[in-house]
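The values are calculated or read from the model by the stated rules, or taken from the named source; none is laboratory data. Predicted model only: the values in this text are computed from it and were never measured. Glycine gets a Cβ as well: all are built from the backbone with ideal geometry, and neighbour counts include every protein chain shown.
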Amino acid sequence: MTAPATADPTSEEALPPDVIADPAALHVGALGAVGEKVEGVERIVVLRANGIGDFVVAVPALEALRAAYPGARITYLGLSWHAELLEGRPGPWDAVDVVPPYPNMIAGDSVDEAMIGAFFDKHRAERYDLAVQLHGGGGNSNPFMERLGARVTAGARDNGAPPLDRWVRYAYYQHEVLRFLEVVGLVGAPPVTVEPRLALTAADVRHAEAALPVTAQPLVALHPGASDPRRRWPAASFAAVATVLAEQGCRVAVVGHGPDDARAAAEIAASSPAIDLVGALDMKAMVGVLARARLVVANDSGPRHLAAALGTPTVGVYWVGNVINAGPLLRARHRVGVSFRQSCPVCRVEQASIGTTRCPHDDSFVADVTVDEVLGHARDLLEPGDA
């Protein structure tokens, strides 16, 4: 929502027609433009109803909202797993509600218009002062936010998406943490941290101990999954890492959920000493195991983000586009193995970014990250004093 450098920020005529004139938003903060705080905010609602990693990268923005509006009640709109994860967990949220299946935005078995209507009736009755869209480019989510009836709305806006009261242009290649900090900056919430942090609870520890009793061996967790199969490092590569780390005295376990993770974990466990925990961990047990681990080796995935937010060192395998959007920002406790492949290994079709352009093949774009590279990063982080 910032004006071009040559424009007079006090003149609406100087702004492009698709940019809202808001001189207050041109105050320069640590990460750029910061708008004025909204007056009289008592209730805030935030939409971010997607995957685990998607939630984690939004936590710094939630922390910024809490710091800017310390007395406000913050309601997080997410999915059923958010409710499970955040129940009893301290953080910058006061309530969590589950968004029902919603056309073109929240997948589900069926769209129930009566359920959707009841959901919006319930939330309009809250009379939110501020509604913040952290869900995406706004094509479907911005109209959703307007239906909540908040006094002021804010979020990102892609080409063709309807505007909110305060908005910033959505661009695909931007780190997600910074994207959402830029959004909340529009409503006077400058950053207080850029590294997501998640609290560990006693329930996490209990659930983890029940699923995987503690031993004296240092625990290394592997997660071979990713939402896009092209971002998955081969199971054979994970198995090779598991074998070497087990030989060096580590206890290795594979975590995950769903049929794709289960197939990869079965292959890893069949050819290495790794323990297969896929499907054996509820959300609290997953958090507890990742927090206990001395290291997590994973693709660009929700469990890697969770582990990092819990303070666990990680080695992530990334395609170059995804490391721009979702790689760890700091390197003291985290390393990345990056593939710079630009074309499908089968048909050689150039693909500008995984997640946008798509050929019919699911072959890995990150298979050329070597086992030796990942093991080098792992040994570095497992060295006493470095992790």
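Annotation note: of Ala161, Ala156, the sole residue that is touching a Phe, Trp or Tyr at 6+ places or on another chain (Cβ under 7 Å) and farther than 22 Å from Glu39 by Cβ is Ala156. Here region 38-51 is the region considered, the condition is being touching a residue at least 12 places away in the same chain (Cβ under 8 Å) and farther than 16 Å from Leu134 by Cβ, and the residue that is surrounded by the most Cβ atoms within 10 Å (Cβ to Cβ) is Val38.
The requirement of being aliphatic (A, V, I, L, M), touching a helix residue (DSSP H, G or I) at 6+ places or on another chain (Cβ under 9 Å) and surrounded by fewer than 20 Cβ atoms within 10 Å (Cβ to Cβ) is satisfied by Leu329.
Among the residues of region 46-91, those identified as aliphatic (A, V, I, L, M) and touching an Asp or Glu at 6+ places or on another chain (Cβ under 7 Å) are Val57, Ala72, Ile74, Leu77. Among the residues making up region 77-112, those that are part of a loop (DSSP other than H, G, I, E, B), within 20 Å of Ile44 (Cα to Cα) and not acidic (Asp, Glu) are Leu79, Gly88, Arg89, Pro90, Gly91, Pro92, Trp93, Val99, Pro100. In a loop (DSSP other than H, G, I, E, B), surrounded by fewer than 20 Cβ atoms within 10 Å (Cβ to Cβ) and touching a His at 6+ places or on another chain (Cβ under 9 Å), is that true of Leu281? So Leu281 does not fit the description; no. Considered as a group, the residues in region 317-354 that are farther than 16 Å from Asp368 by Cα and not in a loop (DSSP other than H, G, I, E, B) include one that is farthest from the chain's Cα centre (by Cα), and that residue is Glu350. Close contacts from region 52-66, counting a first residue that is in contact (Cβ under 8 Å) with a residue 24 or more places away in the chain and a second that is of a type in the set (S, T, N, Q) and outside any helix (DSSP H, G or I), with Cβ to Cβ under 8 Å and a gap of 6+ residues or different chains, come to Ile52/Ser301; Gly53/Ser301; Pro60/Thr193; Glu63/Thr193.
Note on region 116-135: residues that are free of Cβ contacts under 8 Å to residues at least 40 places away in the same chain and not aromatic (Phe, Trp, Tyr) amount to 7. Does any residue of region 202-213 turn out to be surrounded by fewer than 18 Cβ atoms within 10 Å (Cβ to Cβ), under 20 Å from Arg294 (Cα atoms), in contact with a helix residue (DSSP H, G or I) (Cβ under 6 Å, 6 or more places away or on another chain) and of a type in the set (Lys, Arg)? Within region 202-213, none of the residues are surrounded by fewer than 18 Cβ atoms within 10 Å (Cβ to Cβ), under 20 Å from Arg294 (Cα atoms), in contact with a helix residue (DSSP H, G or I) (Cβ under 6 Å, 6 or more places away or on another chain) and of a type in the set (Lys, Arg). Checked against (1) surrounded by 18 or more Cβ atoms within 10 Å (Cβ to Cβ); (2) assigned to a helix (DSSP H, G or I), Ala236 passes all but condition (1). For residues that are of a type outside the set (A, V, I, L, M) and either more than 23 Å from Asp129 (Cβ to Cβ) or in the same structural domain as Arg304 (by TED's automatic domain parsing) (or both), scanning just region 164-178, find the one that is surrounded by the most Cβ atoms within 10 Å (Cβ to Cβ). Taking the candidates together, the pick is Glu176. Taken across region 9-32, residues that are modelled with pLDDT of 95 or more and either in a loop (DSSP other than H, G, I, E, B) or of a type outside the set (D, E, K, R) (or both) do not occur at all. With respect to the conditions (1) out of contact with any Leu (no Cβ under 7 Å at 6 or more places or on another chain); (2) in contact (Cβ under 8 Å) with a residue 60 or more places away in the chain; (3) not in a loop (DSSP other than H, G, I, E, B), Glu373 lacks only one, and its number is (2).
The listed residues are Val287, Val296, and the only one of them that is outside any helix (DSSP H, G or I), crowded, with 21+ Cβ neighbours inside 10 Å and either in contact with a Cys (Cβ under 8 Å, 6 or more places away or on another chain) or modelled with pLDDT of 95 or more (or both) turns out to be Val296. Filtering region 181-201 to residues that are among the small types (Gly, Ala, Ser) and surrounded by 15 or more Cβ atoms within 10 Å (Cβ to Cβ) leaves Gly185, Gly188, Ala189.
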